[in-house]
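Everything on this sheet refers to the single structure shown next.
The values are calculated or read from the model by the stated rules, or taken from the named source; none is laboratory data. Just so it is clear, the structure is predicted and the values come from calculations on it, not from any experiment. In this analysis, Cβ positions are derived from the backbone assuming ideal geometry, glycine residues included, and neighbour counts consider all displayed protein chains.
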Amino acid sequence: MTRKTSARDALVARRGPFQEALLAWYRACRRPLPWRESPSPYGTVVSEFMLQQTRVATVLPYFERWMAALPDFAALAAAPGATVLRLWEGLGYYSRARSLHRLAKAVAPPGELPRTAGGWAELPGVGPYTAAAVASIAFGEPRACVDGNVVRILARLTRDPARHRDGASASRAFAPLAQELVNARAPGDHNQAMMELGATVCVRRRPSCPVCPVRGFCAAAGAGDPEAYPSLEPKRTERLSVVRVWCERGGAVLLHRNGSGARRLADLHELPTACQAGLDPARACAGPLIARKARGITRFRVLESIHSARPPPGRPGPGLVWVRIGDLGSIAMSGPHRRWTTQILLARKG
Ligand code: SF4
């Protein structure tokens, strides 16, 4: 019998006490988040979409603003796409906002809400994690959620010796164990407890094992090496350089609007790259440097330089629009470009 099999089997054999310890801790210590305090299927769906790849602290003000403006599926279904994007602006991963909008149109009255993870998984933008979260939290289906937090907890509880290619393959590997451990009497709270434990106690670096409610079930804590789990192959990062231009004319700034069919950032405005503006990147680079920005996008490390440039002659090319500086607040921009544009304009005033 391997070490993994024995630790896993021991955990499954004690799943009742494990569930009780986890649930008691969650009910006593959970953070009072708005989607938990006044739960509704709509609030659960919105929060689960917003929480994908995004921290709770970041989501909170967006969730409150969204629920005030679009309080139910019908209101969201009836809202213009520009309103939806504007409310989402700054949260990133904008395909989530468009999927949520399409989902609302699919389920708004007189449609019926699915009650199972299988039913939710058929709706736009709903992956296995979100489907399980909504079905368990809003409808009590005993279906386990598996994300990075859950993988980390299970890998440590079982002291999992496997080396996983990436987070997705680790999630697949742990899905059966997560399902065996789910509490059929309170699946929504069980899943939220696992999420809460991963976010607040069993964190990536320096987990708080001494105060962990499931320490007595944890092989890695017993061995003193929790940070070694899960074991993932290192990510390969690639570096990219992008030259962007700041072109201004008569109180307006030149922006690039991504097409509605774009895979990323559809309908959002950004400062144009030199190529999008019809300028030679090497020549644009020779212009005054206004700002230099570095950010990570998936596996890419992107270094962006923004140069002041003379506007290209003639009518703007495809996707380019002149936007009056006073109107920038009313258009949808990607979060970083909103920040950069604001910083550039503020620096100029200073
Ligand atoms: S005891 Fe430590 S490593 Fe184990 S689940 Fe709890 S916080 Fe994570």
Fill in: Qualifying residues in the stretch 211-226 (those that are buried (at least 19 other Cβ atoms within 10 Å of the Cβ), farther than 16 Å from E20 by Cα and aliphatic (A, V, I, L, M)) - the one nearest to the ligand (Cβ to nearest atom)
A221
Response to the item:
For the stretch 194-210, pairs from a residue that is over 12 Å from Y26 (Cβ atoms) and not assigned by TED's automatic domain parsing to the domain that holds E20 to a residue that is within 6 Å of the ligand (Cβ to nearest atom) and at pLDDT 95 or above, with Cβ under 8 Å and 6 or more apart or across chains, are none
Worksheet, complete the sentence: Taking the stretch 184-204 and keeping residues crowded, with 20+ Cβ neighbours inside 10 Å and not in a helix (DSSP H, G or I) leaves C202
Worksheet entry | Qualifying positions in the stretch 205-229 - in contact with a Leu (Cβ under 8 Å, 6 or more places away or on another chain) and assigned to a loop (DSSP other than H, G, I, E, B) | C212, P213, V214, C218
Item to complete: Mind telling me which of the residues R236, R143 ends up being more than 25 Å from V56 (Cα to Cα), in a loop (DSSP other than H, G, I, E, B) and either within 25 Å of the chain's Cα centre (by Cα) or of a type in the set (V, I, T) (or both)?
Response: R236
Worksheet item: Can you tell which of R206, R172 is of a type in the set (D, E, K, R) and more than 14 Å from Y129 (Cα to Cα)?
Response: R206
Discussion item. Can you say whether A274 is without any contact (Cβ under 8 Å) to a residue 40 or more places away in the chain and away from the ligand (no atom under 16 Å from the Cβ), as far as the supplied structure shows?
Written reply: yes
Discussion item. One residue is enough: does the stretch 319-328 have a residue meeting the conditions in contact (Cβ under 8 Å) with a residue 40 or more places away in the chain, of a type in the set (A, V, I, L, M, F, W, C) and over 27 Å from L87 (Cβ atoms)?
Written reply: no
Discussion item. Condition first: under 18 Å from G92 (Cα atoms) and of a type in the set (F, W, Y). Can you find one or more residues in the stretch 292-311 that meet it?
Written reply: yes
Discussion item. Quick check on the stretch 188-200. Is at least one of its residues within 14 Å of the ligand (Cβ to nearest atom) and in contact with a Gly (Cβ under 9 Å, 6 or more places away or on another chain)?
Written reply: yes
Practice prompt. Among what's in the stretch 294-350 and is part of a helix (DSSP H, G or I) and among the charged types (D, E, K, R), pick the residue that is surrounded by the fewest Cβ atoms within 10 Å (Cβ to Cβ).
Written response: K349
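One line per residue, one yes/no per condition, for (1) touching a Lys or Arg at 6+ places or on another chain (Cβ under 6 Å); (2) over 30 Å from G167 (Cβ atoms); (3) hydrophobic (A, V, I, L, M, F, W, C):
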residue	(1), (2), (3)
L268	no, no, yes
A284	no, yes, yes
R292	no, yes, no
E304	yes, no, no
R315	no, yes, no
S334	no, no, no
R338	no, no, no
I344	no, yes, yes
Discussion item. Of everything in the stretch 154-173, what is over 21 Å from the mean Cα position of the chain (by Cα) and crowded, with 20+ Cβ neighbours inside 10 Å? Give them in sequence order.
Written reply: L154, A155, R156, L157, T158, R159, D160
Worksheet item: Across the stretch 187-220, which residue is nearest to D147 (Cα to Cα) among those that are under 18 Å from the mean Cα position of the chain (by Cα) and small (G, A, S)?
Response: G198
Worksheet item: What number goes with the only condition from (1) within 16 Å of the ligand (Cβ to nearest atom); (2) under 20 Å from P213 (Cα atoms); (3) part of a loop (DSSP other than H, G, I, E, B) that P161 does not pass?
Response: (2)
Practice prompt. Being over 25 Å from V211 (Cβ atoms), more than 30 Å from the chain's Cα centre (by Cα) and not in a helix (DSSP H, G or I) is the filter here, so list the residues in the stretch 1-60 that pass it.
Written response: M1, T2
Worksheet item: Quick check: is even one residue across the stretch 82-94 in a helix (DSSP H, G or I), in contact (Cβ under 8 Å) with a residue 40 or more places away in the chain and over 20 Å from P336 (Cβ atoms)?
Response: no
Worksheet item: Can we say P207 is under 20 Å from A7 (Cβ atoms), surrounded by 19 or more Cβ atoms within 10 Å (Cβ to Cβ) and modelled with pLDDT of 95 or more?
Response: yes
Item to complete: Could you look through the stretch 113-137, keep only residues that are part of a helix (DSSP H, G or I) and of a type outside the set (G, A, S), and pick out the one that is farthest from S40 (Cα to Cα)?
Response: P128
